[in-house]
Amino acid sequence: MDEVDPGSNDPERRPAHATAPPSAVDIVRSSFVTEESVYGVILVSGMIVVAGGHGDSSWSVFWTVVLTVLVFWAAHVYAGTVAHHGMDDHRMVGLGEAFRGAMRRSLGMLVAALIPAFILLLGATRAIPDPIAIWTALWVGVGVLAVLGFIAFRRRGASLLIQVTGALGTAAFGVAMIVLKAFVH
């Protein structure tokens, strides 16, 4: 079992007796660089590959991505609420507390979808051509994954070499989606 860090900025790592509410910075830090964020970017990239692989317009891809992410996010919040409701670390966790924790943990999945969705919206509004919007959204996903990987390893005090390696390893999932897109298209 992980040790609890009383001085941690991560609300999930504070002991039960710590009463100070998390700050906005704490919530962003614990919500954005998470497995849900990485999963969200990969989910969005996968949806772009699938929807964009059939020659769909940016508008169609945009709605496919947005609706799919919302369904996955809602399912993730529900699953997190159910999983954390009840006894946890020898204390009772109420439904409201479990729901708020699941919402906080799942926030990264929504935030991760914002940039690629915005790029798709630029294509949908004809600010940029559809193919450029779709490919740009995929490449931006690679960049977001790289940043997430870099920050995750940096937060753990890894050396610069490991931080860069972590960024490249995380970004490789986005590159895999681009390779898949090249073969699907």
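The figures follow:
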| read-out | value |
| --- | --- |
| F173 - accessible surface, heavy atoms, 1.4 Å probe, Å² rounded to 10 | 120 Å² |
| Accessible-area value, V44, 1.4 Å probe, nucleic acids and ligands omitted, Å² | 0 Å² |
| Rounded FRET efficiency, nearest 0.05, which uses the C-beta distance separating T125 from T165 and R0 of 41 Å | 0.60 |
| Shape metrics for region 53-133, restricted to C-alpha atoms - Rg then Dmax, Å | 17.5, 56 |
| Dimensionless Rg over Rh [region 104-176; C-alpha; Kirkwood] | 1.08 |
| Region 27-177 - percent of accessible surface contributed by carbon and sulfur, probe 1.4 Å | 74 percent |
| Taking the C-alpha atoms of region 22-165, convex hull volume expressed per residue in Å³ | 128 Å³ |
| Span from the region 112-175 Cα centroid across to the region 39-100 one, whole angstrom | 18 Å |
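The values are calculated or read from the model by the stated rules, or taken from the named source; none is laboratory data. It should be emphasised that the depicted structure is a prediction, and the values quoted were computed from it without experimental measurement. So basically every Cβ, Gly included, is an ideal-geometry build from the backbone, and we count neighbours across all protein chains shown. SASA here: full protein model, heavy atoms, side chains in, ligands and nucleic acids out. Shrake-Rupley method; radii C 1.70, N 1.55, O 1.52, S 1.80 Å.
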